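First comes the structure, then the notes that go with it.
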Amino acid sequence: MVVRSPWPVMSPNRDVLEAIVLNGNLKLYAELGELARYLESAMRKMTEVGAPMVANSAQLPQATAHLLDLNKMTEEGTLEVMRLTEIIQDNRTRAVKDLSAITSTLQAVDCSNLAARLEKTVNDLTQDEKHLMDIMTALSFQDLVAQRVKKLVTIVEDVQCKLVELVVVFGLKQEGTPPETQGKAGEMLKQLEASKSTAIKQDLADELLSEFGFK
Amino acid sequence: MPADPNMKILVVDDMSTMRRIVKNIMKQLGFANIEEAENGQDALTKLHAEAFGFVISDWNMPVMTGIDMLRAIRADDKLKTLPVLMVTAEAQKENLIEAIQAGVSNYIVKPFTAEVLQEKMNKIFK
């Protein structure tokens with residue numbers, strides 16, 4: 001007696017393999033589709049942030065230049081304060097020396113009161129020497145500021161480099177596309193730039209004031 | 001041995017303001033024979049050209065740092081006994097250890113006062 005199977009007869013190994021492959025392909029296609037959708041969304045977001053990024057990266061050299069200007073301006077101001085302090089120090093050293101000589105002379109001719117008063121003046125001047133030295137050492141703030149600024153400049157230049165790489169790799173720069181609103185940072189940089197080129201010196205300001213009747 | 005007021009001192013710092021401050025303090029302490037250098041390389045050139053009794057140096061400088069200059073001084077037979085005082089903003093423990101291992105004579109952290117500089121110098125030249 002022949003028993004017929006109610007099921008279609010299949011070659012077990014080949015058909016199972018085909019089913020597995022078909023199933024695997026479907027899953028793969030689904031995942032590829034998901035990946036494609038994800039990539040497309042990421043690229044769209046990159047393009048959205050691209051224009052402001054390009055605009056901001058163009059401002060970074062300006063920011064670096066202003067930071068370096070800061071170093072230069074603080075250095076110039078500090079050197080001027082030092083110059084004046086040194087003049088005062090030298091003048092005081094001479095005055096102390098002269099007064100001490102006068103004091104000795106007065107003591108020699110027995111003018112002790114006058115000698116005592118002069119000695120007090122010499123002591124006051126000597127105390128001020130310490131204050132003047134403290135002013136000089138306090139000016140070392142400029143060195144610390146300059147070091148911090150140099151580190152900031154390095155960071156800004158590094159960020160600029162990386163932004164440029166992004167722009168190049170993702171092709172974000174579009175010809176003829178105006179930059180989006182530059183925001184508060186951009187405005188402040190513009191004002192800084194303007195103050196460099198349009199700020200007037202005191203003598204010119206005085207000239208203009210006198211034209212308006214200011215005496 | 002106390003410091004000779006006539007000895008030539010080399011102040012090494014890339015910031016002109018800092019060099020001026022140290023020079024001013026040294027002058028107030030009675031040391032008027034001061035020369036300056038902008039970086040470690042410049043300093044080494046001067047040290048090889050003339051006889052100096054003392055070096056006061058910053059750490060972070062372009063071309064050659066203070067720590068590299070110190071190592072070069074200690075490696076040079078003619079300069080190895082030269083007292084070197086580091087005056088620097090590098091205030092990490094690792095920096096101090098590195099300076100000690102490199103052979104620094106003493107170490108001051110910025111900002112500093114004239115009294116601290118004098119105290120450290122007295123310790124070097126006692």
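The values are calculated or read from the model by the stated rules, or taken from the named source; none is laboratory data. Since the structure is predicted, the reported quantities are computational estimates derived from the model, not experimental observations. Ideal geometry is used to build each Cβ from the backbone, glycine not excepted, and the neighbour counts take in all protein chains shown.
Regarding B:Ile67, is this residue out of contact with any Asp or Glu (no Cβ under 7 Å at 6 or more places or on another chain) and under 18 Å from A:Asp143 (Cβ atoms)?
Values: out of contact with any Asp or Glu (no Cβ under 7 Å at 6 or more places or on another chain): no; under 18 Å from A:Asp143 (Cβ atoms): yes.
Answer is no for this residue.
For segment A:52-104, the tally of residues that are under 15 Å from A:Gln160 (Cα atoms) and either in contact with a Cys (Cβ under 6 Å, 6 or more places away or on another chain) or of a type in the set (Val, Ile, Thr) (or both) stands at 2. Within segment A:140-158, residues that are farther than 19 Å from B:Glu38 by Cβ and more than 11 Å from chain B (Cβ to nearest Cβ) sit with their Cβ atoms under 6 Å from residues that are of a type outside the set (Gly, Ala, Ser) and part of a helix (DSSP H, G or I), at 6+ positions apart or across chains, in these pairs: A:Leu152/A:Leu67; A:Val156/A:Leu60; A:Val156/A:Thr64.
The condition (being without any contact (Cβ under 8 Å) to a residue 24 or more places away in the chain and either away from chain A (no Cβ under 14 Å) or hydroxyl-bearing (Ser, Thr, Tyr) (or both)) is satisfied by just one residue among B:Thr17, B:Thr65: B:Thr17.
When residues in segment B:90-113 are screened for being polar (S, T, N, Q) and surrounded by 13 or more Cβ atoms within 10 Å (Cβ to Cβ), 4 of them pass.
If I filter segment B:10-30 down to residues being touching a Lys or Arg at 6+ places or on another chain (Cβ under 9 Å) and not in a helix (DSSP H, G or I), which single residue comes out as surrounded by the most Cβ atoms within 10 Å (Cβ to Cβ)? Of everything passing the filter in segment B:10-30, B:Val12 is surrounded by the most Cβ atoms within 10 Å (Cβ to Cβ).
May I ask you to say which residue of B:Val55, B:Val87 is within 14 Å of another protein chain (Cβ to nearest Cβ) and buried (at least 17 other Cβ atoms within 10 Å of the Cβ)?
On the way: B:Val55 fails: within 14 Å of another protein chain (Cβ to nearest Cβ).
When all the criteria are applied, what remains is B:Val87.
Looking across segment A:59-99, the residues that are surrounded by 15 or more Cβ atoms within 10 Å (Cβ to Cβ), away from chain B (no Cβ under 14 Å) and without any contact (Cβ under 8 Å) to a residue 60 or more places away in the chain come down to A:Ala65, A:Leu99. Between a first residue in segment B:70-81 that is under 11 Å from B:Leu44 (Cβ atoms) and a second residue that is among the aromatic types (Phe, Trp, Tyr), which pairs have beta carbons less than 9 Å apart while being 6 or more apart in sequence or on different chains? Close Cβ pairs satisfying both conditions: B:Leu79/B:Phe52.
Residue-wise test of (1) of a type in the set (D, E, K, R); (2) touching a strand residue (DSSP E or B) at 6+ places or on another chain (Cβ under 6 Å); (3) within 14 Å of another protein chain (Cβ to nearest Cβ).
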{"position": "B:Ala75", "(1), (2), (3)": "no, no, no"}
{"position": "B:Lys80", "(1), (2), (3)": "yes, no, no"}
{"position": "B:Ala99", "(1), (2), (3)": "no, yes, no"}
{"position": "B:Asn106", "(1), (2), (3)": "no, yes, no"}
{"position": "B:Glu115", "(1), (2), (3)": "yes, no, yes"}
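Surrounded by fewer than 15 Cβ atoms within 10 Å (Cβ to Cβ), under 17 Å from the mean Cα position of the chain (by Cα) and modelled with pLDDT of 70 or more - does that describe any residue in segment A:170-185? No, every residue in segment A:170-185 fails to be surrounded by fewer than 15 Cβ atoms within 10 Å (Cβ to Cβ), under 17 Å from the mean Cα position of the chain (by Cα) and modelled with pLDDT of 70 or more.
Out of all the residues in segment A:91-112, is one or more among the hydroxyl-bearing types (Ser, Thr, Tyr), under 31 Å from the mean Cα position of the chain (by Cα) and in a helix (DSSP H, G or I)?
First, pick out the residues of segment A:91-112 that are among the hydroxyl-bearing types (Ser, Thr, Tyr): A:93, A:100, A:103-105, A:112.
Of the ones still in play, those that are also under 31 Å from the mean Cα position of the chain (by Cα) are none.
Looking through segment A:91-112, none of the residues is among the hydroxyl-bearing types (Ser, Thr, Tyr), under 31 Å from the mean Cα position of the chain (by Cα) and in a helix (DSSP H, G or I).
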